[in-house]
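Enquirer: Next up is a structure, given as structure tokens.
The values are calculated or read from the model by the stated rules, or taken from the named source; none is laboratory data. For clarity, every value in this text was computed on a predicted model and none was experimentally measured. Virtual Cβ from ideal backbone geometry, glycine too; neighbours counted across all protein chains shown.
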Amino acid sequence: MNYVDEIVNLLDKNLKYIKHEITKDTIYIYVVSNKKRLEKEIARVGERMSLIEASKYLRKNTANVGKSTVSNILKKRKSKNTRNQ
């Protein structure tokens, strides 16, 4: 077993591995997207900081999203919550 295999084994068991890429000192691991989980994470981060800060944080740590994406997800969740009340 090589080092990348060991790292992939440490991933969340719910993630489905696609491929990996090594660039300088960083390993990029590509997995199948889980849209609902991603939207929850974007909403969670977006509720705690400004749209610009949230998009910067998400780009660095989670996914390549802009402030308009964060805004749209927050609006969608807000309208869904008001309809359910």
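Enquirer: From the list 67, 75, 60, which residue is more than 28 Å from residue 20 (Cα to Cα) and at pLDDT 90 or above?
Expert: Working: 67 fails: more than 28 Å from residue 20 (Cα to Cα); 60 fails: more than 28 Å from residue 20 (Cα to Cα).
Of the residues listed, the single one that is more than 28 Å from residue 20 (Cα to Cα) and at pLDDT 90 or above is 75.
Enquirer: Would you pick out the residues in region 73-84 that are over 14 Å from the mean Cα position of the chain (by Cα) and either surrounded by 14 or more Cβ atoms within 10 Å (Cβ to Cβ) or not in a helix (DSSP H, G or I) (or both)?
Expert: Keep residues of region 73-84 that are over 14 Å from the mean Cα position of the chain (by Cα), which gives 74-84.
74, 77 - these are the residues of region 73-84 that are over 14 Å from the mean Cα position of the chain (by Cα) and either surrounded by 14 or more Cβ atoms within 10 Å (Cβ to Cβ) or not in a helix (DSSP H, G or I) (or both).
Enquirer: What are the pairs, 6+ residues apart or on separate chains, where a residue within region 5-27 that is under 21 Å from residue 60 (Cβ atoms) has its Cβ under 6 Å from a residue that is loosely packed, with under 10 Cβ neighbours inside 10 Å?
Expert: 21/28
Enquirer: Filter region 28-61 down to the residues that are surrounded by 11 or more Cβ atoms within 10 Å (Cβ to Cβ), farther than 19 Å from residue 79 by Cα and among the aliphatic types (A, V, I, L, M) and list them by number.
Expert: Listed by number, the residues that qualify are 29, 31, 49, 52, 54, 58.
Enquirer: Yes or no: region 8-19 includes at least one residue that is assigned by TED's automatic domain parsing to the domain that holds residue 77, within 14 Å of the chain's Cα centre (by Cα) and acidic (Asp, Glu). Walk me through how you get there before you give the answer.
Expert: Filtering region 8-19 down to residues assigned by TED's automatic domain parsing to the domain that holds residue 77 leaves none.
Scanning region 8-19, I find no residue that is assigned by TED's automatic domain parsing to the domain that holds residue 77, within 14 Å of the chain's Cα centre (by Cα) and acidic (Asp, Glu), so the answer is no.
Enquirer: Test residue 65 against the stated conditions and say whether it is in a loop (DSSP other than H, G, I, E, B) and either of a type in the set (A, V, I, L, M, F, W, C) or in contact with a Phe, Trp or Tyr (Cβ under 8 Å, 6 or more places away or on another chain) (or both).
Expert: On the way: in a loop (DSSP other than H, G, I, E, B): yes; either of a type in the set (A, V, I, L, M, F, W, C) or in contact with a Phe, Trp or Tyr (Cβ under 8 Å, 6 or more places away or on another chain) (or both): yes.
The answer is yes for residue 65.
Enquirer: The conditions are (1) under 24 Å from residue 55 (Cα atoms); (2) modelled with pLDDT under 80, and residue 5 fails exactly one of them. Which is it?
Expert: (1)
Enquirer: Taking the criterion of being at pLDDT 85 or above, surrounded by fewer than 14 Cβ atoms within 10 Å (Cβ to Cβ), of a type outside the set (A, V, I, L, M, F, W, C) and part of a loop (DSSP other than H, G, I, E, B), would at least one residue in region 15-23 satisfy it?
Expert: no
Enquirer: Right, another one. Out of all the residues in region 42-60, which are in a helix (DSSP H, G or I) and not charged (D, E, K, R)?
Expert: Restricting attention to region 42-60, the residues satisfying the condition of being in a helix (DSSP H, G or I) are 42-48, 51-60.
Within region 42-60, 42, 43, 45, 46, 51, 52, 54, 55, 57, 58 qualify.
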